[in-house]
C-alpha cells in the first residue's frame, strides 16, 4: 500500500478511472493505482476534486490536509537551530572534560585544536545561515554542512584506534559509526513512541523529505535530541572506558561489517536507560520545570502537536544550557 504525499503547489488531485492522478497545468506529475493508495496527504496549495474525495472516503482512505504547510517552515528552522546549538554545546563540554580529566598514555585531545576551533566556528556560521533560510533545500544544506563540521570535531576528540573518519552508516564501517547507529536506533524508537502518544502522524514531517515508509516527523523531532542523548552518551561510554574499539565484532559481512557484540549491546542499553531517566529542565514540565529526559521528549512532541493544531504560535526546540 502507498501513502501519497502531494507538495507541488498549485497541483490538482483527481480520479481517472481506477487511478489517482496528480497534475499541474494540465500535465500529469504522477499517478497511482487507486487500490494501492492507503493515505493521501495534501500539503499547502493543493486542490482535490469532490469526486475524488468521495471515492477515497468510500475506500476508507485517509485524506490529510496540511493547508498551512508553508507556515511550518519556521518549525524546521527551529529544529535545525536547536540541533546545531546542541552539537556545539556537546563539543565544548566534551573538550572541557577531556582537558580537566586527562587521558591515559599522554594523549592530548582535541588531537587537532585548530581543526576543532574551525569546526566550531563553521558550525556557528551555518547556524546563522540556517536561521535566515527561506526554503527547505537551503536549510537542509546548512544543516548538512554543520554536521560535516561537527563530525570533523568529533574525530579530533577520539583516539585513532576508533578508525572514525566521517559519519557513515550504510553500512557503518568502523566501531564509532556502528555505536552511533545503534544508539540512534534506540532514540528513534522512543521519539517515535512519543509522536504516536500525542496523536501525530509519524510519516508527515516538516524537515525530512516525506517518503513512503519513512517516519519523517519522528526523524524531525529526533534531530535536536541526537547530540544531547545519543552523541553525548557515546562519547561518555568511550571516555570512561566502558567501550573500547577492539571489543567490537568484525563480522566479515559487507552489509554489517562491524557490530557491538553482546557485551557492548548490554552496556549501551544500560547506559541509555539511565540517560533517559536523568533529570533535566523543561518549561512545560510544571512546577519547578524538572522532569526526566524521556518525559521531556514527550513534552516536545506535545508542543509540536499544539503547533500543528494551531494551539501554539511557534515551535521552540530544546536547547542545552
Failed item in (1) at positive phi; (2) in a helix (DSSP H, G or I), with residue 199 passing the rest:
(2)
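Rundown of residues vs (1) in the same structural domain as residue 41 (by TED's automatic domain parsing); (2) surrounded by 21 or more Cβ atoms within 10 Å (Cβ to Cβ); (3) more than 25 Å from residue 257 (Cα to Cα), yes/no style:
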site	(1), (2), (3)
145	no, no, yes
149	no, yes, yes
170	no, no, no
176	no, yes, no
193	no, no, yes
198	no, no, yes
207	no, yes, yes
225	no, yes, yes
235	no, yes, no
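Within segment 296-303, can one find any residue that is exposed (fewer than 15 other Cβ atoms within 10 Å of the Cβ) and within 20 Å of the chain's Cα centre (by Cα)?
no
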Name the residues in segment 44-54 that are touching a strand residue (DSSP E or B) at 6+ places or on another chain (Cβ under 8 Å) and surrounded by fewer than 17 Cβ atoms within 10 Å (Cβ to Cβ), would you?
47, 49, 51, 53
Tell me which residues, restricted to segment 226-259, are farther than 22 Å from residue 156 by Cα and either within 12 Å of the chain's Cα centre (by Cα) or part of a loop (DSSP other than H, G, I, E, B) (or both).
251, 252, 253, 254, 255, 256, 257
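Condition check ((1) within 26 Å of the chain's Cα centre (by Cα); (2) outside any helix (DSSP H, G or I); (3) buried (at least 20 other Cβ atoms within 10 Å of the Cβ); (4) modelled with pLDDT of 90 or more) across all residues:
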position	(1), (2), (3), (4)
31	no, yes, no, yes
42	yes, yes, yes, no
60	no, yes, no, no
70	yes, no, no, no
77	yes, no, yes, yes
81	yes, no, yes, yes
92	yes, no, no, yes
Of all the residues that make up segment 272-295, how many are outside any loop (DSSP other than H, G, I, E, B), buried (at least 18 other Cβ atoms within 10 Å of the Cβ) and touching a strand residue (DSSP E or B) at 6+ places or on another chain (Cβ under 6 Å)?
1
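The values are calculated or read from the model by the stated rules, or taken from the named source; none is laboratory data. Everything numeric in this text was worked out from a predicted model, so none of it was measured. Cβ atoms come from the backbone with ideal geometry, glycine included; neighbour counts cover every protein chain shown.
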